Amino acid sequence: MTAALTLPVVIPLVGAAIALLAWRSITAQRMVTVLAVVAALGAASLLLARVERDGAGAIDVGGWPAPIGITLVADLFSALMLVIGLVTILAVLLFAIGHPATDDDTPVFHPVYLVLTAGVALAFVTGDLFNLFVAFEIMLVSSYVLITLGGRREQVRTGMTYVVINLLASSLFVAAIGFAYAATGTVNLAELANRMAQVPDGVRTALSLLTLLVFGIKAAIFPLFFWLPDSYPTARTSVTAIFAGLLTKVGVYAIVRTQTLLFPGQTPTWVLLAIAAATMIVGVLGAIAQNDMKRILSFHIVSQIGYMIFGFALFTVAGAAATVLFMLHQIPVKTSLFLVGGLIEQRTGTTALDRVGGMVHKAPLIAALFGLAALSLAGLPPFSGFVGKLALVEAGFDAHSWAIVAVSLVVSVFTLFSMVKIWSGVFWGVPDHPEATDGGPVPRLLYVSSAGLVAVTLLIALCAGPLWDLSVRAGAQLLDPDGYVTVVMER
């Protein structure tokens, strides 16, 4: 368990150092990066198998106990997120290697990408609030570099917005950590869970809302999403894909973890459900109003976050399990849609709906990949999105939350409408500006990586039964975190 917990973080960091030293050789950097991610994925898979068999595990890095040392913890929720996150990171890495523009970013891209990977892994397995901040900062410093690779004016402008907003969130996060330490004398999550009950209600509520604000900015929930739709579409396809599919979900993970472990029931259910409903509605309406595939998909990032908040806000095992399952589906589906958008852009030179058309005849494989991922995003059977949304709807019915269920179903219809809008603009008809539809050949590795991630979404649908069982166990652990606390306190 010790090695399996540390390796997903350590291997990418070591790989980043080696890749930086090998900056003169693109081939060497690629090999190091792929091997590092594959090794981290192997360690994460081993960790998941052990957690599923033996229950949650924890270690003190270097033998230093909390609150001085760094505590790493893995339960089913964090282990599942770690595995699906690294699968997605690997697929996007292969896409980036196959994309011609990535060579222009060498020697920077591969070391920074591995540092980002280490930050994601640390966020999922860290056992204290301060090191969760460290994990976010590792991710954000890396993302600051990645989002501006290429140096185009529009990238720098929107990248500055991204940087400023996240620096503000980080400042608030530091304040939240300071307040939590002042109130309890610790930042270890397990110790915080024990001591938070002794904190006055007003202070506890303030801390709950402050952490919700911090992670809400990072997850792009309503009304804190405004920075996302402009920032993501301007970056490289591989960068946008990993940001869209994974980074916002790390923010959701932090919300779920802190609200269930530290502040159970502290934030009123109606507040969280109202945020979820508003996030779904604003996101899907923003998507419908766009005329560019990347911008449509960027607004759908916001919309789908609302579904995740909806599930855990019910504070039932079924709702928490539905959130876990929906997140496992959403990470690869959203990433694969952006990768397919990259295929379209590579083939045609644009993703503007009025400049692309007829691709179902010119590029049927791209059309098939988009169709599979889009139907899953919209929640049609038998795809993984249907399984996730059905679980959310059933949890909502069980909790008698009729309004949020109705909103989720209406938003699903609008999601399907926006996917049809992309299909009509990109794959049917003819472009309004045919002179803009010549972007050159698409390297084979781009097809392979995109198809591989779409296959992962299909595999999730095929394995819906076992994954639901794991999600139910993970949801039960989230709402009854005694096992999490015990394994940390008795290590």
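The values are calculated or read from the model by the stated rules, or taken from the named source; none is laboratory data. Here the structure is a predicted model, which means the values were calculated and not measured. So basically every Cβ, Gly included, is an ideal-geometry build from the backbone, and we count neighbours across all protein chains shown. For the accessible areas, the whole protein counts, side chains as well, though only heavy atoms, and no ligand, DNA or RNA atoms are used. Shrake-Rupley method; radii C 1.70, N 1.55, O 1.52, S 1.80 Å.
Could you tell me whether any residue of the stretch 91-103 is in a helix (DSSP H, G or I) and over 23 Å from the mean Cα position of the chain (by Cα)?
For the stretch 91-103, residues in a helix (DSSP H, G or I) and over 23 Å from the mean Cα position of the chain (by Cα): present.
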### Query
Looking only at the stretch 211-227, which residues are over 17 Å from the mean Cα position of the chain (by Cα), in a loop (DSSP other than H, G, I, E, B) and modelled with pLDDT of 85 or more?
P223
### Any chance V87 is open to solvent by 10 Å² or more (accessible area, probe 1.4 Å) and closer than 20 Å to L325 by Cβ
yes
### Task
Output the number of residues of the stretch 26-37 satisfying the condition of being closer than 11 Å to P107 by Cα and open to solvent by less than 30 Å² (accessible area, probe 1.4 Å).
1
### Task
May I ask you to list the residues in the stretch 9-25 that are open to solvent by less than 60 Å² (accessible area, probe 1.4 Å) and either part of a helix (DSSP H, G or I) or closer than 23 Å to L132 by Cβ (or both)?
V9, I11, P12, G15, A16, A17, A19
### Task
State all residues of the stretch 182-241 that are of a type in the set (G, A, S) and more than 30 Å from H110 (Cβ to Cβ); if no residue qualifies, say none.
A182, A183, G185, A190, A193, A197, G202, A206, S208, G216
### Task
Out of the residues in the stretch 38-68 that are out of contact with any helix residue (DSSP H, G or I) (no Cβ under 8 Å at 6 or more places or on another chain) and more than 21 Å from G483 (Cα to Cα), state the one that is least open to solvent (accessible area, probe 1.4 Å).
G42
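Among the listed residues H361, H329, which satisfies the condition of being open to solvent by 10 Å² or more (accessible area, probe 1.4 Å), in a helix (DSSP H, G or I) and not charged (D, E, K, R)?
H361
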#### Entry: Hits in the stretch 142-171 - residues which are surrounded by fewer than 14 Cβ atoms within 10 Å (Cβ to Cβ) and at pLDDT 85 or above
V164, L167, L168, S171
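From the list V38, V51, which residue is modelled with pLDDT of 95 or more and either out of contact with any strand residue (DSSP E or B) (no Cβ under 9 Å at 6 or more places or on another chain) or part of a helix (DSSP H, G or I) (or both)?
Exactly one of V38, V51 is modelled with pLDDT of 95 or more and either out of contact with any strand residue (DSSP E or B) (no Cβ under 9 Å at 6 or more places or on another chain) or part of a helix (DSSP H, G or I) (or both), namely V38.
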### Query
Any chance the stretch 271-288 includes a residue that's open to solvent by 10 Å² or more (accessible area, probe 1.4 Å), assigned to a helix (DSSP H, G or I) and without any contact (Cβ under 8 Å) to a residue 12 or more places away in the chain?
yes
### Task
Would you check which residues across the stretch 367-386 are surrounded by fewer than 24 Cβ atoms within 10 Å (Cβ to Cβ) and either part of a helix (DSSP H, G or I) or of a type in the set (G, A, S) (or both) and list them?
A367, A368, L369, G371, L372, L375, A378, F386
### Task
Quickly run through the stretch 289-317 and pick out the residues that are more than 22 Å from F370 (Cα to Cα) and either surrounded by 20 or more Cβ atoms within 10 Å (Cβ to Cβ) or of a type in the set (K, R) (or both).
G306, M308, I309, F310, G311, F312, A313, L314, V317
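Take T117 and tell me if it is of a type in the set (S, T, Y), touching a residue at least 60 places away in the same chain (Cβ under 8 Å) and surrounded by fewer than 23 Cβ atoms within 10 Å (Cβ to Cβ).
no
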#### Entry: Breaking point among (1) open to solvent by less than 10 Å² (accessible area, probe 1.4 Å); (2) among the β-branched types (V, I, T); (3) over 29 Å from L41 (Cα atoms); (4) in contact with a Lys or Arg (Cβ under 9 Å, 6 or more places away or on another chain), for T184
(1)
### Message
Please verify whether V112 is over 23 Å from the mean Cα position of the chain (by Cα) and of a type in the set (V, I, T), treating the condition exactly as stated.
### Response
no
### Query
Which of (1) closer than 30 Å to I59 by Cβ; (2) in contact (Cβ under 8 Å) with a residue 60 or more places away in the chain is the odd one out, the single condition A235 does not satisfy?
(1)
### Query
Which of the residues that make up the stretch 445-488 are open to solvent by less than 50 Å² (accessible area, probe 1.4 Å) and among the polar types (S, T, N, Q)?
S449, S450, T457, S471
### Message
Checking the structure you have, find out if any residue of the stretch 71-78 is aliphatic (A, V, I, L, M) and within 19 Å of the chain's Cα centre (by Cα).
### Response
yes
### Message
Residues that are open to solvent by less than 10 Å² (accessible area, probe 1.4 Å) and of a type in the set (D, E, K, R): does the stretch 74-82 have at least one?
### Response
yes
### Query
If you check T248 against the conditions, is it among the hydroxyl-bearing types (S, T, Y), touching a Ser or Thr at 6+ places or on another chain (Cβ under 7 Å) and part of a helix (DSSP H, G or I)?
no
